[in-house]
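Right, one structure below, let's go through it.
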Amino acid sequence: MDLSNLKPAEGSVRKRRRLGRGQGSGRGGTSTRGHKGAKSRSGYSKRIGFEGGQMPLQRRVPKYGFTNINRREYKAVNIGMLQTLSEKNNLEKIDREILISSGLISRNHLVKILGNGNLSRKLEVHANAFSKSAVKAIEANNGTVVIL
């Protein structure tokens, strides 16, 4: 075996159809495009959402609702996750930098601590927001809550 006798697998390569090369080819004339209409023309491409002239779905369905420009979106982190994080790295204080380095949040996320899970360590937790149940659970273990 050498480079001179390499060839593709049997049946994997087919000859391409040569359209519009005269009547003798069997694909002359309209070149498989049929007669007239937009699809027979060169350069035709259908607009996104075009439904053949029927009023398209995105125009039939009414607009509703609005986007609140004052919305603040938080990345949720449960106290159960803080427990495992503090046990694994032997931490007393958990802040944004630790959450970022552990991969739970990215630099531009706001953090909200939620009360799902169990917490059995005394922790000082720094975050943008806390749920009532999370504050209760952290303070039950003599921990402190710091709102950024």
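The values are calculated or read from the model by the stated rules, or taken from the named source; none is laboratory data. A quick note: this is a predicted structure, and the numbers were derived from the prediction, not measured. Neighbour counts run over all protein chains shown; Cβ positions are idealised from the backbone, glycine included.
Among the candidates GLU124, GLU139, GLU97, which residue alone is touching a Ser or Thr at 6+ places or on another chain (Cβ under 9 Å) and more than 16 Å from ASN78 (Cβ to Cβ)?
The unique qualifying residue is GLU124.
If you go through the range 62-75 one residue at a time, how many are under 18 Å from ASN128 (Cα atoms) and either touching a helix residue (DSSP H, G or I) at 6+ places or on another chain (Cβ under 9 Å) or loosely packed, with under 15 Cβ neighbours inside 10 Å (or both)?
Number satisfying all stated conditions: 5.
Return the only residue of GLY80, GLY115 being of a type outside the set (Val, Ile, Thr) and in contact with a Ser or Thr (Cβ under 6 Å, 6 or more places away or on another chain).
Every option except GLY115 fails the conditions.
Take the residues of the range 85-110 that are acidic (Asp, Glu) and out of contact with any helix residue (DSSP H, G or I) (no Cβ under 9 Å at 6 or more places or on another chain): which is surrounded by the most Cβ atoms within 10 Å (Cβ to Cβ)?
In this case the residue turns out to be ASP95.
Take the residues in the range 77-111 that are touching a residue at least 24 places away in the same chain (Cβ under 8 Å) and of a type in the set (Val, Ile, Thr); name whichever of them is nearest to VAL145 (Cα to Cα).
ILE94
Tell me, please, whether a residue that is modelled with pLDDT under 95, under 30 Å from ASN141 (Cα atoms) and in a loop (DSSP other than H, G, I, E, B) can be found in the range 64-71.
No, every residue in the range 64-71 fails to be modelled with pLDDT under 95, under 30 Å from ASN141 (Cα atoms) and in a loop (DSSP other than H, G, I, E, B).
I need a count of the residues in the range 111-148 that are of a type in the set (Gly, Ala, Ser), surrounded by fewer than 16 Cβ atoms within 10 Å (Cβ to Cβ) and in contact with a helix residue (DSSP H, G or I) (Cβ under 9 Å, 6 or more places away or on another chain).
3
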